[in-house]
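Any read-out appearing in this document is the output of simple, stated calculations on the displayed coordinates, not a laboratory observation. Just so it is clear, the structure is predicted and the values come from calculations on it, not from any experiment. Cβ sites come from the backbone with ideal geometry, for glycine too, and all protein chains shown count toward neighbours.
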Amino acid sequence: MSLLNVDLGERSYPIIIRDKLLQEPSAWHSYLSSQVLVVTNETLAPMYGQSLQEDLRAAGLEQVELIALPDGEAYKTLETVNRIFDVLLEKRFNRKATLVALGGGVVGDMTGFAAACYQRGVNFVQVPTTLLAQVDSSVGGKTGVNHPLGKNMIGAFYQPQCVVIDLCVLDSLPERELSAGIAEVIKYGLIYDATFFDWLELNMDKLVARDHDALAYAIEKSCHTKALVVAEDEKESGLRAILNLGHTFGHAIEAHMGYGEWLHGEAVGAGMSLACDLSVRLGWLDESVKTRADVLLKRAGLPVHSPEGMQPADYLKYMAVDKKVLDKKLRLVLLKALGEAVVTEDFDHAALDETLKTYCQP
Ligand code: NAD
Ligand code: GLY
């Protein structure tokens, strides 16, 4: 078992990483209260949700309810969060309630947001079931929903009591979802940890084959980096923005295609390739690093190209409403070296145009 800590003073919390944590909730039910609402989706309720509900009831918790939300990014909305409030009120949950987010980033982001709002804030525990959620979205307290005019535009910073990472749930994850999670793992190597990037080059085949030892190492390394960055800059006033490498391009791809068409991690994978390309064009990054990144992304089953038909103007339209835009200036996360990211508005826009042209078929 591995135990990490997200160091945020009185809001600090542990990340527990181990096989079979879902089957053995006694390892973490001290983080729960006597009133628990398990929030999951319609896919995961029969796979993991109902048995977790039974196990928590058997452990003697006073009230354990479950809600299965519709599955998919398209349902990451205020309307869906309202369904969580409906159950909390109908079942008379009080301020000591704990919400358990059992699912990927979509369930985790909505459950955290519901926890932040219900009776002005109740506890919640993250039980991430996708690799992407285990290495990224469950850690750091970003919660929220999409708005038709922008992704993740409505939300709150709200930290969980604990993050429970069971490696076994990854065995049932669809292949495309596994690859999408590996994109965020590669991100940590690119932005922060060149040695980890080297390790990924040596061990990518094991990760793709779901070797639990390799996955445990990659998840621990990723969570360790995320925890360090979040501890330094919880509300993204500076350093935390480096976690968005490839995301500005990626969000444009997701919005252009319609949410859910390209998975978030796939769009981020392609976006990181674009960010590396731009960094090379600016003369900041050695071309060999961009080549290594593209090879690694492809080995993980990720795209390193734009969606068919997407044009530079499509990117620029969506990039203009990115959350990192300040005073109308586009800010991007770029690389100065392998393992060294910068967040900057100070770059030659002609180079950005060249990158976009190169990645878009006329
Ligand atoms: P997701 O939550 O949509 O899950 C992907 C799919 O996998 C779903 O169909 C889900 O039902 C299924 N699934 C989940 N676990 C499974 C399992 N163990 N076995 C079988 N199927 C399983 O997608 P995601 O990639 O986990 O999360 C993407 C979301 O996370 C996006 O909304 C993104 O904005 C958000 N996100 C948030 C943060 C953050 O810091 N809060 C960071 C990154 C991404
Ligand atoms: N996924 C980016 C962040 O948590 O800040």
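Cβ crowding within 10 Å ranks I154, I67, I191 as I154, I67, I191, fewest other Cβ atoms first. Across the range 78-86, rounded Karplus estimates of 3J(HN,Hα) from the backbone phi angles (6.51 cos²θ - 1.76 cosθ + 1.60, θ = phi - 60°) give 4, 4, 5, 4, 4, 5, 5, 4, 4 Hz, Gly and Pro being marked x. Each Cα pair of the range 130-244 feeds into the Kirkwood radius, which the Stokes-Einstein equation turns, at 25 °C and 0.890 mPa s, into a diffusion coefficient of 165 µm²/s.
The Cα trace of the range 210-351 gives Rg and Dmax of 15.3, 46 Å, the first to one decimal, the second as a whole number. Working from the Cα coordinates of the range 278-337, the gyration tensor eigenvalues give, after taking √(5λ), semi-axes of 24, 18, 10 Å in decreasing order. Mean-square fluctuations from a GNM of the chain, with a 10 angstrom spring cutoff on Cα atoms, peak among R299, R210, R11 at R11. Panel order for C223, C162, C276, by other beta carbons found within 10 Å of each beta carbon, from fewest to most: C162, C223, C276. The amide H of N41, built 1.01 Å from its N in the peptide plane, has L69 as neighbours under 5 Å, considering only residues 5 or more places off or on other chains.
Against the compact-protein benchmark of 2.2 N^0.38 Å, the Cα-based radius of gyration of the range 11-126 scales to 0.98. Under a no-solvent Debye model with one identical scatterer per Cα of the chain, what's log10 I(q)/I(0) at q = 0.12, 0.14 Å⁻¹? Here log10 of I(q) over I(0) equals -0.84, -1.14.
Of the residues T98, I67, V164, the one whose Cα sits farthest toward the positive end of the charge dipole of the chain, with +1 on the Cβ of Lys and Arg and -1 on the Cβ of Asp and Glu, is T98.
A dipole drawn for the chain from +1 and -1 charges on Cβ atoms has a positive end, and of L338, L352, H29 the residue lying farthest that way is H29. Calculated FRET efficiency, K298 to S51, Cβ-Cβ distance, R0 = 45 Å: about 0.75 to the nearest 0.05.
Phi angles of the range 223-228 translate, via the Karplus equation with coefficients 6.51, -1.76, 1.60 and θ = phi - 60°, into HN-Hα couplings of 5, 4, 5, 4, 4, 4 Hz per residue; Gly and Pro are given as x. Less than 5 angstrom separates the built amide H of L285 from those of V280, all sequence-distant by 5 or more or on a different chain. Exposure proxy for F157, F124: other Cβ atoms within 10 Å of each Cβ, ordered fewest to most, give F157, F124. Expressed in units of 2.2 N^0.38 Å, where N is the residue count, the Cα radius of gyration of the range 222-284 is 1.26. When shorter helices are ignored and each DSSP H run of at least 4 residues is given -39500 (n - 2.57), the per-residue value for the chain at 222 nm works out to -13500 deg cm²/dmol. In this label model, D353 and E287 are separated by 2.3 nm, measuring between points 7 Å along each Cα→Cβ vector.
Put a plus charge on the Cβ of each Lys and Arg, a minus charge on the Cβ of each Asp and Glu, and nothing anywhere else: the dipole of the chain about its Cα centre is then about 780 debye. By the rule of a C-alpha distance below 18 Å, with chain neighbours fewer than 8 residues away ignored, the lysines paired with K151 are K76, K142, K235, K317, K323, K324. Here the Karplus curve 6.51 cos²θ - 1.76 cosθ + 1.60, taken at θ = phi - 60°, turns the phi angles of the range 348-361 into couplings of 6, 5, 5, 5, 4, 4, 5, 4, 4, 4, 5, 8, 10, 6 Hz, with x standing for Gly and Pro.
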